[in-house]
Amino acid sequence: FLPKKKKQKDSIINPKIQKENPRVVNEIDIEDLSSTKSYCRCWRSKTFPVCDRSHIKHNELTGDNVGPLVLKKKIL
Ligand code: FES
């Protein structure tokens, strides 16, 4: 017995960010980084693409383990 294959719809990652666009692309100019900044990878942030810590609730509700991409500027 094999488990029923999930439908493609069941694997949507982005529930509501910029759904009017065929794909969501964000560009970050590395020169504009002034300090440490966290970027969302859970697709639940209300300030997307910047992380607003919504991943914490998402992980609690789903058992997932996602977190942000943290960019740090090296201070020379
Ligand atoms: Fe999405 Fe933090 S809110 S990773």
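Taken together, the values in this text are just the output of simple stated rules run on the coordinates, not laboratory data. Because the structure is predicted, anything quoted here is derived from the model rather than measured. Glycine gets a Cβ as well: all are built from the backbone with ideal geometry, and neighbour counts include every protein chain shown.
Here are a few things to note about the model shown:
- Matching residues in the stretch 48-61 - criterion: being within 8 Å of the ligand (Cβ to nearest atom) and part of a loop (DSSP other than H, G, I, E, B): Phe48, Cys51, Asp52, Arg53
- Taking the criterion of being in contact (Cβ under 8 Å) with a residue 12 or more places away in the chain and over 20 Å from Ile12 (Cβ atoms), the only residue of the stretch 52-67 that qualifies is Asp52.
- On the stretch given as the stretch 36-51, residues that are touching a residue at least 24 places away in the same chain (Cβ under 8 Å), at negative phi and not polar (S, T, N, Q) total 7.
- The stretch 19-32 residues that are within 16 Å of Lys46 (Cα to Cα), paired with ones that are aliphatic (A, V, I, L, M) and surrounded by 10 or more Cβ atoms within 10 Å (Cβ to Cβ) (beta carbon under 8 Å, 6 or more apart): Val24/Ile17
- Residue identified as surrounded by 10 or more Cβ atoms within 10 Å (Cβ to Cβ) and of a type outside the set (A, V, I, L, M, F, W, C) among Asp52, Asp32: Asp52
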